[in-house]
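Worksheet: the structure to be examined is printed underneath.
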Amino acid sequence: MGLLLALLPAAGAVTPLSTAVPGGVIAPKLSVRPPLPEERGKGGILAAAPISCMETIARIPRGLVLAPCDAARAAAAAGGRDPTWASELTAAALLAMHESGAEDEQAAALKEWVSSWEAGGWGDGADLGNDEVRWGPRDVTGSLLATGSDNDAAIYSKFRMPCHPVVHRAGLGLAALTRADKSAALAALQCRGSNFRAMQDPLAALVAAPTARQTGSPNERRRWDVADALSRVLSRATTLEAGEGGGEVFAVVPLHERLAHCGARGENTKLVGKDPVGREGGDADVLLVATRDIAEGEALTRDYTRAPRLPGDTSDGPLRLLLQFGLPPAAWVQPDE
């Protein structure tokens, strides 16, 4: 353990960008520090030199962008289900992690990058308290997302509870943390659970080798892996111009998914799906462009409130920032920079 700790960069250390994004991303003016524990995987992408407004900060090969492919769309629609952007993008993430066969360099880089995701939205592990708490982590069925059912209102009404007691307790805790209305917090959790249950069966088939866990059958663990993938996709997703085909797609973009939440001045970066100069082959890259001048040492930011939301989700403010993206309290309200 001592050797491992010695090899890890210090929390405030600045390291090469290659430690945070897959190979092939070109961003000569950026550096990275490991996210602090309280940042839950967000932040630490810094300007290593002054960046001018409208300057291209990074060029990201489109092959490294996670977006739904035909196989992902087919998996999300299996069994006659109505696919959503979240089920299609989660399917794409699972395919990237578990699809076998010959891989080109970009496919291998995409697999390694998606497989490295750890942090997701709120509700994992220590978020629910210690193991001794009743209706806390020890009573979770693999994942908070996977706990409960669509029939919980009927099942638990005789106990005068609105839903599964673990979900109910989590909703009360989430409301207290974010100072949101209790019913709004519970509704947001139930919305996540309902969306997960609609996709768990078809997407579980994409999990070739389920994660090793202390409990659960292989099929249960496959569904819990789907829940983990959904949480991580929701916390990273954005919309992106589709390139030559036109329109928008839902995607997770390397580097962009790591950016901190913006302050009162708004985001200082923007994704551009087409090369504005119109260079030949320019649509093969996604560009990260500065929306204003960025000083050396300043953090790069995006506006997570503009990210896509789950169908049926009406949460807002700190409640959404914490639940969907895992953003800490320091990101909820920020003074003018």
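How many of the residues in segment 121-139 are touching a helix residue (DSSP H, G or I) at 6+ places or on another chain (Cβ under 6 Å), assigned to a loop (DSSP other than H, G, I, E, B) and surrounded by 13 or more Cβ atoms within 10 Å (Cβ to Cβ)? Even if it seems obvious, please write down each step before you answer.
Let us first name the residues in segment 121-139 that are touching a helix residue (DSSP H, G or I) at 6+ places or on another chain (Cβ under 6 Å), namely 121-122, 128, 131, 135-137, 139.
From what is left, the residues that are assigned to a loop (DSSP other than H, G, I, E, B) are 121-122, 131, 135-136.
Those left that are additionally surrounded by 13 or more Cβ atoms within 10 Å (Cβ to Cβ): 121-122, 135-136.
Residues meeting the conditions: 4.
Any idea how many residues of segment 100-120 are in a helix (DSSP H, G or I) and either modelled with pLDDT under 90 or exposed (fewer than 15 other Cβ atoms within 10 Å of the Cβ) (or both)?
Going through segment 100-120 one residue at a time, the tally reaches 7.
Would you pick out the residues in segment 176-191 that are free of Cβ contacts under 8 Å to residues at least 40 places away in the same chain and either among the hydrophobic types (A, V, I, L, M, F, W, C) or buried (at least 22 other Cβ atoms within 10 Å of the Cβ) (or both)?
Across segment 176-191, the qualifying residues are Ala176, Leu186.
Regarding segment 231-241, can at least one residue be identified that is modelled with pLDDT under 95 and on the phi > 0 side of the Ramachandran plot?
The answer is no, given that none of the residues of segment 231-241 is modelled with pLDDT under 95 and on the phi > 0 side of the Ramachandran plot.
Which residues, taken from segment 198-212, are open to solvent by 50 Å² or more (accessible area, probe 1.4 Å) and part of a helix (DSSP H, G or I)? Full working, then the answer.
Keep residues of segment 198-212 that are open to solvent by 50 Å² or more (accessible area, probe 1.4 Å), which gives 198, 201, 205, 208-209, 211-212.
Ala198, Asp201, listed by residue number.
Does Ala49 satisfy being in a helix (DSSP H, G or I) and either out of contact with any strand residue (DSSP E or B) (no Cβ under 8 Å at 6 or more places or on another chain) or surrounded by fewer than 15 Cβ atoms within 10 Å (Cβ to Cβ) (or both)?
Working: in a helix (DSSP H, G or I): no; either out of contact with any strand residue (DSSP E or B) (no Cβ under 8 Å at 6 or more places or on another chain) or surrounded by fewer than 15 Cβ atoms within 10 Å (Cβ to Cβ) (or both): yes.
So Ala49 does not fit the description; no.
Can you tell me which residue in segment 281-311 is farthest from Ser235 (Cα to Cα), limited to those that are open to solvent by 50 Å² or more (accessible area, probe 1.4 Å) and within 18 Å of the chain's Cα centre (by Cα)?
Looking at residues that are open to solvent by 50 Å² or more (accessible area, probe 1.4 Å) and within 18 Å of the chain's Cα centre (by Cα), I get Pro311.
The values are calculated or read from the model by the stated rules, or taken from the named source; none is laboratory data. Computed from a predicted structure; not experimentally measured. Glycine also receives a Cβ, built like all others from the backbone with ideal geometry; neighbour counts cover every protein chain displayed. What goes into the accessible areas is simple: the full protein's heavy atoms, side chains included, and nothing from ligands, DNA or RNA. Shrake-Rupley method; radii C 1.70, N 1.55, O 1.52, S 1.80 Å.
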